[in-house]
Amino acid sequence: MKRRSSSFNTARVDHLYHDPHEGGLPFVLHYGDLTDATNLIRLVQEIQPTEIYNLGAQSHVMVSFETPEYTANADALGTLRLLEAIRILKRDG
């Protein structure tokens, strides 16, 4: 899952990424945000992943201090939202 932004910043996963229109691909990016519980539930239900790894977080130290409430919302509550989506949909994560 990738948060929408004005730049397509996928440099760290470009070697895994392929055009999603090709079909049958092992790695597909979906847009979402850990601050949006409804979207997380929809994505988990739609994708039905066999494994879920949460690597999402506010990773810029200066920004995390400037926006502590958003940082806590994304980092801590985002994890809770993802776990709740798994629980609600009765997925083994």
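Results for (1) part of a loop (DSSP other than H, G, I, E, B); (2) modelled with pLDDT under 90; (3) more than 14 Å from the chain's Cα centre (by Cα); (4) more than 21 Å from I88 (Cβ to Cβ), shown as yes or no for each residue.
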| site | (1), (2), (3), (4) |
| --- | --- |
| H21 | no, yes, yes, yes |
| L25 | yes, yes, yes, yes |
| V28 | yes, yes, no, yes |
| T35 | yes, no, no, no |
| L40 | no, no, no, no |
| M62 | no, yes, yes, yes |
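Look at the range 12-59 and say how many of its residues are open to solvent by 100 Å² or more (accessible area, probe 1.4 Å) and within 24 Å of A76 (Cβ to Cβ).
Filtering the range 12-59 for residues open to solvent by 100 Å² or more (accessible area, probe 1.4 Å) gives 12, 15, 21-22, 26, 38, 42, 45-46, 48, 50-51, 53, 55, 59.
From what is left, the residues that are within 24 Å of A76 (Cβ to Cβ) are 12, 38, 42, 45, 51, 53, 55, 59.
The number of residues fulfilling the criteria is 8.
The values are calculated or read from the model by the stated rules, or taken from the named source; none is laboratory data. These figures come from a predicted structure and were not determined experimentally. Note: ideal-geometry Cβ built from the backbone for every residue, glycine included; neighbour counts use all protein chains shown. For accessibility, only protein heavy atoms count, side chains too; no ligands or nucleic acids. Shrake-Rupley method; radii C 1.70, N 1.55, O 1.52, S 1.80 Å.
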